[in-house]
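Reading through the C-alpha cells given below for one structure.
The values are calculated or read from the model by the stated rules, or taken from the named source; none is laboratory data. A quick note: this is a predicted structure, and the numbers were derived from the prediction, not measured. Cβ placement follows ideal geometry from the backbone for every residue including glycine, while neighbour counts extend to all protein chains displayed. Ligands, DNA and RNA are excluded from the accessible area calculation, which covers all protein heavy atoms including side chains. Shrake-Rupley method; radii C 1.70, N 1.55, O 1.52, S 1.80 Å.
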Amino acid sequence: CYSYPNEDTWTDSPAVEGVVLVGDAAGHNDPIIGQGLSISFRDVRLVNEALSSTANWNAAIFAGYAAERAERMRRLRFAARVAAVIDSEFGPEAAARRRRVRALQAADPSMMLPTLGVMVGPENVPEFAYTEDVMARLVNA
C-alpha cells in the first residue's frame with residue numbers, strides 16, 4: 001500500500017553555481033490539487049528561457065526563475081490549504097462548512113479565485129485572492 005504525504009517542500013534558492021533544480025527536486029506542492037507536472041513543465045520552460053537568454057551561464061541568470069517560482073509555489077500552497085480544509089475534511093462540521101462556503105462563493109465569486117488559480121495558473125489570479133483575509137473568510141464561513 002502506498003500513500004502520498006499531503007505536504008509541501010521547497011528550497012529558498014533553487015539555483016547555485018553549477019546546479020539548478022526544477023520540479024520536485026526544487027520542492028513540491030501538496031498533491032491534493034494535482035499540480036506536479038504543471039509545476040515541472042513551467043520550471044523547465046523558465047530555466048530553458050534563462051539559459052537561452054545568455055551564453056554566460058551562472059547562478060544569477062536564474063534569479064527571475066527563483067522569484068517567480070517562490071511566488072507561484074506560495075500561491076499553490078495557499079490553494080492546497082483551501083482544498084484541504086474546504087473539500088477534504090470529514091464529518092458534520094465539515095459538511096456544514098462546505099455548504100456555508102458554497103453560499104459565500106455564490107454571493108461573492110471572488111472567493112472562488114484561489115481554486116480558479118489551480119486551473120488557469122496562479123499567476124493569472126489577482127494577488128488579493130491569496131491573502132489570509134480570504135483564507136479566514138473561507139475557513140470561518
Quiz item: Hey, among GLU89, GLU49, which residue is closer than 22 Å to ASP12 by Cα, open to solvent by 30 Å² or more (accessible area, probe 1.4 Å) and in contact with a helix residue (DSSP H, G or I) (Cβ under 9 Å, 6 or more places away or on another chain)?
Solution: GLU49
Quiz item: Mind checking which residues of the stretch 87-98 are touching a residue at least 24 places away in the same chain (Cβ under 8 Å) and farther than 16 Å from GLY34 by Cα?
Solution: ARG97
Quiz item: Which of the following residues is more than 21 Å from THR9 (Cα to Cα), under 15 Å from the mean Cα position of the chain (by Cα), touching a residue at least 12 places away in the same chain (Cβ under 8 Å) and surrounded by 15 or more Cβ atoms within 10 Å (Cβ to Cβ): VAL82, VAL125, VAL118, VAL101?
Solution: VAL125
Quiz prompt | Unmet criterion (only one of (1) at pLDDT 95 or above; (2) hydrophobic (A, V, I, L, M, F, W, C); (3) open to solvent by 10 Å² or more (accessible area, probe 1.4 Å)) for VAL139 | solution = (1)
Practice problem: Filter the stretch 58-101 down to residues that are within 18 Å of ARG137 (Cβ to Cβ) and either touching a His at 6+ places or on another chain (Cβ under 9 Å) or not in a helix (DSSP H, G or I) (or both), then give me how many there are. | Solution: 1
